[in-house]
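Below is one structure, written out as structure tokens, with a few remarks after it.
The values are calculated or read from the model by the stated rules, or taken from the named source; none is laboratory data. Computed from a predicted model, the values in this text were never measured in an experiment. Cβ placement follows ideal geometry from the backbone for every residue including glycine, while neighbour counts extend to all protein chains displayed. Note: accessible area is taken over every heavy atom of the protein model, side chains too, but ligands, DNA and RNA are not part of it. Shrake-Rupley method; radii C 1.70, N 1.55, O 1.52, S 1.80 Å.
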Amino acid sequence: MRVLIVEDEPALADILAEGLRAEGMAVDTAYDGDTGLEMATVHGYDVIILDRDLPLVHGDEICRALAAAPETNARILMLTAAGTVDDRVAGLSLGADDYLPKPFAFPELVARVHALARRSG
């Protein structure tokens, strides 16, 4: 399973990547929205873990673009500090397949990634 993590906090992105690799996943990371959007459109990922508040290109814009691109089969999991009900509804309305607010439990993240990958194109 191929996973892309788009997270502007490098320490968190690297910890997530290390943990997901230990679960047997192939993981790439991007630390800003511009790089994340480019990687998401060039490489075939099963799941994209996407922060909302990213530099250069906001996570909402990335989510909207990927959801509208028929050639992108990746499932999108928004992983963000914006965790109110309104935030979650907005993220899902943008095209995210799942939404997990920070702080989160790593085993739950892994379970959600596996569930999304089962549904990917």
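Descriptive notes on the structure:
- Potential extension, residue 11-residue 118 segment - 0.36 nm per residue separation minus Cα distance: 35.7 nm
- With every protein chain in place, region 23-121: carbon and sulfur % of accessible area (1.4 Å): 52
- Extension gain, residue 93 back to residue 111 (0.36 nm per residue minus Cα-Cα distance, nm): 4.3 nm
- Surface accessible to a 1.4 Å probe, residue 58 within the full protein complex, Å²: 70
- For region 26-121, the gyration tensor built on C-alpha atoms gives a rounded shape. Its axis ratio a/c (a ≥ b ≥ c) stays under 1.5.
- Between residue 22 and residue 84, the simple label model (points 7 Å from Cα in the Cβ direction) yields a spacing of 3.5 nm.
- Mean ellipticity per residue at 222 nm, deg cm²/dmol - from DSSP H runs of n ≥ 4 across the chain, formula -39500 (n - 2.57): -14500 deg cm²/dmol
- Taking all protein chains together, 72, 41 sort by accessible area into 41, 72, largest first [probe 1.4 Å].
- Solvent exposure of region 1-82 as accessible area per residue, Å², 1.4 Å probe: 45
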